[in-house]
Amino acid sequence: AEPRLVSLPLSRIRVIMKSSPEVSSINQDALFLTAKATELFVQYLASYSYKHGRGKEKNALTYTDLSHTAEECETFQFLADILPKKILASKYLKMLEKEKRDGEVGDDNEEDEEEEDEDKAVGGSVGS
C-alpha cells in the first residue's frame, strides 16, 4: 500500500474552505497544500508546546501546555482566544460579576460626562 501524503481528511478541509463566502471552487492542488500546511503547523505547535511545557516531565502533551504556548509565545499568540487557559467555573463567574460591577461604574461615569458635554454645548450656544 502506498503511504498517504497527508493525514488530515481532504473532504473535511474542503468543507471548511467552502464555508467561506469568498470561495466558489477549490483547486485540488490548493486543497492538498492547505491540508499539508495545516498538518505541518499542528505538528510544529505540538512539538513546540511539548518541548517548552511540562510535557517532558510527564511524557505527555497536555491542553495546559498548548494554552501556555498560545499565551507566552509571540508566534502563537493569535491562538490565545482559541486555546484559553482553563479556569474553574467559580472563578469565571466571579470575573463576570467583577466586570459587570466595573462596567456599571464605568457606564455611570460615561453618562455624567455626556451630560456635562451637553450642558457645555447648550451653554455655549445660548451665550453666542
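Bridging of Lys91 to lysines at a Cα separation below 18 Å is possible for Lys100, once same-chain residues fewer than 8 apart are set aside.
These residues, Ser24, Ser90, go from largest to smallest accessible area, 1.4 Å probe, as Ser24, Ser90.
Partner lysines whose Cα lies under 28 Å from the Cα of Lys18, excluding those fewer than 8 positions away in the same chain, are identified as Lys36.
Take the Cα of Val42, step 7 Å toward its Cβ, do the same at Arg4, and the gap between the two points is 1.0 nm. A simple count of charges around Phe76, restricted to other residues whose Cβ falls under 14 Å of its Cβ and scoring Lys, Arg +1 and Asp, Glu -1, yields -3. Taking a sphere under 14 Å around the Cβ of Leu45 and counting the other residues whose Cβ falls inside, with K and R at +1 and D and E at -1, yields a net charge of -4. By the Kirkwood approach, averaging reciprocal distances over each pair of separate Cα atoms, region 10-101 gets a hydrodynamic radius of 15.9 Å. Taking a Cβ cut-off of under 12 Å around Leu93, the surrounding Lys, Arg, Asp and Glu residues balance to a net charge of +2, with basic ones at +1 and acidic ones at -1.
Counting alpha carbon pairs within less than 8 Å and at least 6 residues apart, what relative contact order, in whole percent, applies to region 10-101? If you can, show how the numbers build up before the last one.
Details: 57 pairs, mean separation 13.2, N = 92.
Relative contact order of region 10-101: 14 percent.
Distance between the modelled labels on Ser24 and Asn59, one decimal in nanometres: 5.6 nm (7 Å Cα→Cβ projection).
The values are calculated or read from the model by the stated rules, or taken from the named source; none is laboratory data. All figures in this text were calculated on a predicted structure; none of them were measured in a lab. Glycine gets a Cβ as well: all are built from the backbone with ideal geometry, and neighbour counts include every protein chain shown. Accessible surface areas use protein heavy atoms only, side chains included; no ligands, DNA or RNA. Shrake-Rupley method; radii C 1.70, N 1.55, O 1.52, S 1.80 Å.
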